[in-house]
1. Look at the stretch 76-103 and say how many of its residues are more than 16 Å from the ligand (Cβ to nearest atom) and of a type in the set (V, I, T).
2. Return the residues of the stretch 128-158 that are in a helix (DSSP H, G or I) and either acidic (D, E) or open to solvent by less than 30 Å² (accessible area, probe 1.4 Å) (or both); say none if nothing qualifies.
3. Regarding I29, is this residue over 26 Å from R97 (Cβ atoms) and either without any contact (Cβ under 8 Å) to a residue 12 or more places away in the chain or of a type in the set (A, V, I, L, M) (or both)?
4. Condition first: open to solvent by 40 Å² or more (accessible area, probe 1.4 Å) and within 11 Å of the ligand (Cβ to nearest atom). Now tell me which residues in the stretch 200-239 satisfy that.
5. So which of K83, K70 is surrounded by fewer than 18 Cβ atoms within 10 Å (Cβ to Cβ) and within 18 Å of the chain's Cα centre (by Cα)?
6. I'm trying to understand the selection: among the residues of the stretch 104-127, which are in a loop (DSSP other than H, G, I, E, B) and either away from the ligand (no atom under 14 Å from the Cβ) or among the hydroxyl-bearing types (S, T, Y) (or both)?
7. Scanning for something over 30 Å from A21 (Cβ atoms), more than 13 Å from the ligand (Cβ to nearest atom) and either touching a helix residue (DSSP H, G or I) at 6+ places or on another chain (Cβ under 8 Å) or among the β-branched types (V, I, T) (or both), does the stretch 169-178 turn up at least one residue?
Amino acid sequence: MRTPMIAGNWKMNKTPAETKALIEDLKKIENRSGAEVVVCPMTVCLSTAAEALKGSEIHLGAQNVHFADKGAYTGECNAASLKELGVEYVIIGHSERRQYFAETDVTVNQRTLKALEAGLKPIVCVGESLEQKQQGITNEVVCLQTKVALLNVGEKIDDVVIAYEPVWAIGTGLTATPEDANATIGAIRGAIREVFGEAADRVRILYGGSMNDKNAHDLMAQPEIDGGLIGGASLAAEKFSGVINFN
Ligand code: PEP
């Protein structure tokens, strides 16, 4: 009942010209899995990407959005501008934002609410650090992150996507086992159910963390895993194609 999603987080890679070239390559790929494919280029590449994606079935996402409508926030980008450019999804609370840009559960919630208000669909990232995993508190950490991120979301819960991304697995080549990822995502769904009831069964929860064309099949075979948020393996069309066609 949940349409799988494969989303590429291109982080601070690809110039506008490279963005256009990669999108042209992606448009040639046959999508045999039926997954909803999303690409999230740098903010400065979004208008090039929107133009290149015209007429294609690939969706456009941003990597961040500010929680104010407008104002003195040098370097930030507001939801109205993303909307105007044709952006549909926005990644919020990626661990790199939390680590390098002082993002907290509270600002993740503020950004999520602003995105939803503007008609954007947030892809909210949660995940435990290596230390938290070793202490055996993964479920507590990710469930709390999820509940705080979704405070006051109300009926807009149906527009939210969650990405479970263990911090120790991002860009490291280490991946959670399919079984572990499935269990943690099941716990996240349980936390959503506590607040939003049966809507939890409609919320897509992705796995992210060194997911690639080799391991996507086994991860996607798990019942709780509804897709992937892909960093490194989304930067070249051939590899990303292997993830999109995970079946
Ligand atoms: C990410 O940045 O969201 C991510 C999962 O990166 P990678 O696939 O490179 O680990």
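The values are calculated or read from the model by the stated rules, or taken from the named source; none is laboratory data. Quick caveat: nothing in here was measured; it's all calculated off a predicted structure. Here Cβ is always computed from backbone atoms with ideal geometry, including for glycine, and neighbour counts include all displayed protein chains. Accessible surface is based on the protein model in full, side chains and every heavy atom, while ligands, DNA and RNA are left aside. Shrake-Rupley method; radii C 1.70, N 1.55, O 1.52, S 1.80 Å.
1. Within the stretch 76-103, residues that are more than 16 Å from the ligand (Cβ to nearest atom) and of a type in the set (V, I, T) number 1.
2. As a first pass, look at the stretch 128-158 and keep what is in a helix (DSSP H, G or I): 130-134, 138-149, 154-158.
Those that are in a helix (DSSP H, G or I) and either acidic (D, E) or open to solvent by less than 30 Å² (accessible area, probe 1.4 Å) (or both): E131, T138, E140, V141, V142, C143, Q145, T146, A149, E155, I157, D158.
3. For I29, the condition - over 26 Å from R97 (Cβ atoms) and either without any contact (Cβ under 8 Å) to a residue 12 or more places away in the chain or of a type in the set (A, V, I, L, M) (or both) - is met.
4. N212, G232, L235, K239
5. K83
6. T104, A118, G119, L120
7. Yes, the stretch 169-178 contains at least one residue that is over 30 Å from A21 (Cβ atoms), more than 13 Å from the ligand (Cβ to nearest atom) and either touching a helix residue (DSSP H, G or I) at 6+ places or on another chain (Cβ under 8 Å) or among the β-branched types (V, I, T) (or both).
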